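Read through the structure below, which is laid out as structure tokens, and then see the notes.
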Amino acid sequence: MKDRIYLLPETGRFYKANLHGHTIVSDGRLTPEEAKESYKKREYQVMAFTDHRIYRNHEELNDEEFLALAAVEVDINQVSPDRLRPRDKTYHINLYDTRPEYRREQKEEGICPECRYGDFDYINSYLEEMRELGFISCYNHPYWSLQNYEDYKGLKGLFAMEIYNHGCEHDGLYGYNPQSYDEMLRLGNRLWCMATDDNHNSYPFDSPLCDSFGGFTMIKAEELSYNAVINGLVKGHFYSSMGPEIKELYVENRELVVKTGPVQAICGITESSRLCCRAAVEGQPLTEARFPLCGNETYIRVECKDEKGLFACSNAYFLSDLGF
């Protein structure tokens, strides 16, 4: 294998993104213009407008410092026979458009799936149909959706899933679900992980219950253009975070090397229970860790935790794809 394999690209720059947000187009409180301005003020450069069941391409919002991704959030809901449950299980899936000009009228007319909960053959064929239309699909907030392993183990063709959802964290501490990500990886699924806001902005920005600015994805790309950012997403050139920074991630001489901002712990996570963790001495935060690789770990990923208890997560990388 090569002496150094970059898991996050060596070149380019990071762009801060919220890849799950709602506006008055569906059930959010902000206009798309207000959402752009509020996120741009907080140094976000990318936002996906994922309004419920309504596809929109807000290209009018694009400028030299901000990029709007065309997207939609669709759902497939379980309906209980007696309809007495307070809430049934649901699949929520974000569709990000890699080719917004392709068959645009069809997308704007409506591309929502049928309500066939648990029918993996149908759901996977729907995801394949969306892929042919130019979309990449992200599976959202399984914990909030009341789902377990049996509900998501048959999903195929996803490009990513949410590992953290800030809005769901406010709804009932349902936001962080790394176990669901590992369960999908253990099935052999090659998919990335995201942290998002899922903001609806029912509370003002200064409220402790504000659902903006809590989960974000750092995408590394050569420039702030639609194609460059989408390419970064498709190739997994990003990490997810609630706050901590991952600066570099690469494999060198059979070691996983992680360089971060100041954190309290850095963990290398694999398919097995052989976890590797480095913890900071009080007053001496970590900024780097190295984890030796045996070559039989199946996949590797990294989690970092800062002094506030906030996490940053890398994507998972399968060693067979890296030449081991």
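Derivation of every value follows stated rules applied to the coordinates shown; laboratory data play no part. Keep in mind the model is a prediction, meaning the values are calculated, not measured. Cβ atoms come from the backbone with ideal geometry, glycine included; neighbour counts cover every protein chain shown.
For the chain, what number results from the quotient of the Cα radius of gyration and 2.2 N^0.38 Å? It would help to have the intermediate numbers written out before the result.
Values: Rg = 19.3 Å, N = 324, 2.2 N^0.38 = 19.8 Å.
Taking the Cα Rg and dividing by 2.2 N^0.38 Å, one obtains 0.97.
So which trypsin sites (Lys or Arg not before Pro) in region 200-298 are both in a DSSP loop and have at most 15 other Cβ atoms within 10 Å of their Cβ?
K235, R254, R274
Would you mind ranking Y126, Y181 so that the residue whose beta carbon has the fewest other beta carbons within 10 Å leads the list?
Values: Y126 21, Y181 25.
So the residues, fewest neighbours to most, are Y126, Y181.
When the distances between all Cα atoms of region 92-157 are binned every 10 Å from zero, what whole-number percent does each bin get?
Calculated P(r), rounded to whole percents: 19, 52, 25, 4.
Please compute the length gained on full extension between H52 and S26, using 0.36 nm multiplied by the number of residues separating them and subtracting their Cα-Cα distance. Spell out each step's value before the answer.
On the way: separation 26, 0.36 × 26 = 9.36 nm, distance 0.57 nm.
So the extension gain works out to 8.8 nm.
What angle, in degrees between 0 and 90 and rounded to the nearest 10, separates the Cα long axis of helix 32-41 from the longest principal axis of the Cα atoms of the chain?
Around 20 degrees separate the two axes.
I'm a student and want to see the number: the projected area of the Cα convex hull of region 244-324, averaged over all directions, in nm². Could the numbers behind the result be given before it?
Numbers: hull surface 20.3 nm².
Computed as one quarter of the Cα hull surface, the answer is 5.1 nm².
Kindly list the residues of region 217-255 that lie in the label zone of E65, defined by a backbone N under 15 Å from the point 7 Å along the Cα-to-C-beta vector.
224
What is the local net charge at G118, summed over the other residues whose Cβ is closer than 10 Å to its Cβ (Lys, Arg +1; Asp, Glu -1)?
Working: positive: K89, R116; negative: D119, E150, D151.
Around G118, the charge tally is -1.
In square nanometres, what is the average projected area of the Cα convex hull of region 190-324? Please list the in-between numbers first.
Details: hull surface 40.8 nm².
The orientation-averaged projected area of the Cα hull of region 190-324 comes to 10.2 nm².
Within region 13-37, what residues put their amide N at less than 20 Å from the label point 7 Å along the Cα-to-Cβ vector of E222?
Only 13-16 pass the distance filter.
Please list, by residue number, every one of the GluC sites (Glu not before Pro) in region 1-98 that is coil in DSSP and has at most 13 other beta-carbon atoms within 10 Å. Could the numbers behind the result be given before it?
On the way: sites: E10, E33, E34, E37, E43, E59, E60, E64, E65, E73; in loops: E10, E43, E64, E65.
Those that pass, being in a loop and sparsely packed, are E10, E43, E64, E65.
If the convex hull of the alpha-carbon atoms of region 60-124 is projected onto planes in all directions, what is the mean projected area in square nanometres?
Working: hull surface 26.9 nm².
Result: 6.7 nm².
Counting only other residues whose beta carbon sits under 15 Å from that of S272, what net charge do I get with K and R as +1, D and E as -1?
On the way: positive: R186, R274, R301; negative: D182, E183, E271, E297.
Net of charged neighbours comes to -1.
Write down the percent of antiparallel bridges among all DSSP beta bridges whose residues are both part of the chain, to the nearest 5. It would help to have the intermediate numbers written out before the result.
Working: 58 of 74 bridges.
Bridges in the chain are about 80 percent antiparallel.
When the helix-only estimate is applied to the chain (DSSP H runs of n ≥ 4, each -39,500 (n - 2.57), divided by the residue count), what is the mean residue ellipticity at 222 nm, nearest 500 deg cm²/dmol? Walk me through the numbers before you get to the answer.
Values: 7 runs with 59 residues, N = 324.
Rounded to the nearest 500, the figure is -5000 deg cm²/dmol.
Mind putting a number on the dipole of region 12-242 about its Cα centre? Charges go on the C-beta only, +1 for Lys and Arg and -1 for Asp and Glu, and I need it in Debye to the nearest 20. Kindly include the intermediate steps, with their values, before the conclusion.
Values: 25 positive and 39 negative charges, 112 e Å.
The dipole of region 12-242 has a size of about 540 debye.
As an exercise, take the mean of 1/r over every pair of distinct alpha carbons in region 258-297, invert it, and state the Kirkwood radius in angstroms. If you can, show how the numbers build up before the last one.
Values: mean 1/r = 0.0908 Å⁻¹.
Evaluated over region 258-297, this radius sits at 11.0 Å.
Once you have the alpha carbon radius of gyration of region 109-266, what is it after dividing by 2.2 N^0.38 Å, with N set to its residue count?
On the way: Rg = 17.1 Å, N = 158, 2.2 N^0.38 = 15.1 Å.
Rounded to two decimals, the normalised Rg is 1.13.
Based on Cα positions only, what radius of gyration and what Dmax would you give for region 53-191, in angstroms?
That works out to 15.8, 53 Å for Rg and Dmax.
When the C-alpha atoms of region 27-87 are aligned to their principal axes, what extent does each axis show, in angstrom, from largest down?
Result for region 27-87: principal-axis Cα extents of 52, 19, 15 Å.
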